[in-house]
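A short worksheet on the structure shown next.
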Amino acid sequence: MDRLEIGDALIVLVRGDITEQEVDAIVNAANSSLMGGGGVDGAIHRMGGAAILDECKELREVEYPDGLPTGEAVITTAGNLCAKKVIHTVGPRWRGGNKGEADLLTLAYWNSLDLAHEHGHRSVAMPSISTGAYGYPVREAAAVAVTTAADYLYDHPGDFDEVRFVLFSDDDLNAYGEALAAVDEDLNGKK
């Protein structure tokens, strides 16, 4: 399964490069420093150019001198990217699953969607937050990500046209497809 309709919105799964997505906003799996890094974070900063880093530096100076807390989200320009804005969020590091990781990952996705909506963005592309260097197992992360997106769309009808998960590998795409099928089954069971 690669798409699910919730009200007038779609959750869509694609394999690709998040920096190439033509959407209103893309979500960056940032680190708390907001200064760029590896993986998705590094790619967004490289492709987006210096304007993103400049705004991140200002956010650090003015609002987050100790870094962006896990689960929170901020918005900046998208610089040279196709998207209009970048939403930076910090996911949790995996510590075995019993340290509130799922709650923090839920917050990262939920706060990102909230921020996109506050700025009037109707389409958003999201990566698999925390599954790279932060070590969150992909299947567990996929379940949290897709369930959170579905819950948000269900609770906020009409706010979005599309929430797109952009996955790096076929294995990640398959894990998210399984999670999406489980959400679809759960939603159909409630009808």
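Quick rundown of the values:
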| quantity | calculated |
| --- | --- |
| Hey, A108 touching a residue at least 40 places away in the same chain (Cβ under 8 Å), small (G, A, S) and closer than 29 Å to Y154 by Cβ or not | no |
| Failed criterion for N111 (all others in (1) within 20 Å of I52 (Cα to Cα); (2) outside any helix (DSSP H, G or I) hold) | (2) |
| Some residue of the stretch 138-147 being surrounded by fewer than 23 Cβ atoms within 10 Å (Cβ to Cβ), over 14 Å from the mean Cα position of the chain (by Cα) and touching a residue at least 40 places away in the same chain (Cβ under 8 Å) | yes |
| Enumerated strands (runs of 3 or more DSSP E) restricted to the stretch 1-43, each holding at least 1 residues that are of a type in the set (D, E, K, R) | 3-6, 9-15 |
| Qualifying residue in the stretch 61-72 (condition: on the phi > 0 side of the Ramachandran plot and not β-branched (V, I, T)) | yes |
| Given (1) under 26 Å from E22 (Cβ atoms); (2) among the small types (G, A, S); (3) at pLDDT 95 or above; (4) surrounded by 14 or more Cβ atoms within 10 Å (Cβ to Cβ), index of the condition S169 fails | (4) |
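Results for (1) within 21 Å of V163 (Cα to Cα); (2) surrounded by 21 or more Cβ atoms within 10 Å (Cβ to Cβ); (3) at pLDDT 95 or above, shown as yes or no for each residue.
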{"position": "A50", "(1), (2), (3)": "no, no, yes"}
{"position": "D54", "(1), (2), (3)": "no, no, yes"}
{"position": "P69", "(1), (2), (3)": "no, no, yes"}
{"position": "E72", "(1), (2), (3)": "yes, no, yes"}
{"position": "T89", "(1), (2), (3)": "yes, yes, yes"}
{"position": "R93", "(1), (2), (3)": "no, no, yes"}
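The values are calculated or read from the model by the stated rules, or taken from the named source; none is laboratory data. Note that this is a predicted model, so its numbers are computed, not measured. We place every Cβ from the backbone using ideal geometry, glycine too, and count neighbours over all the protein chains shown.
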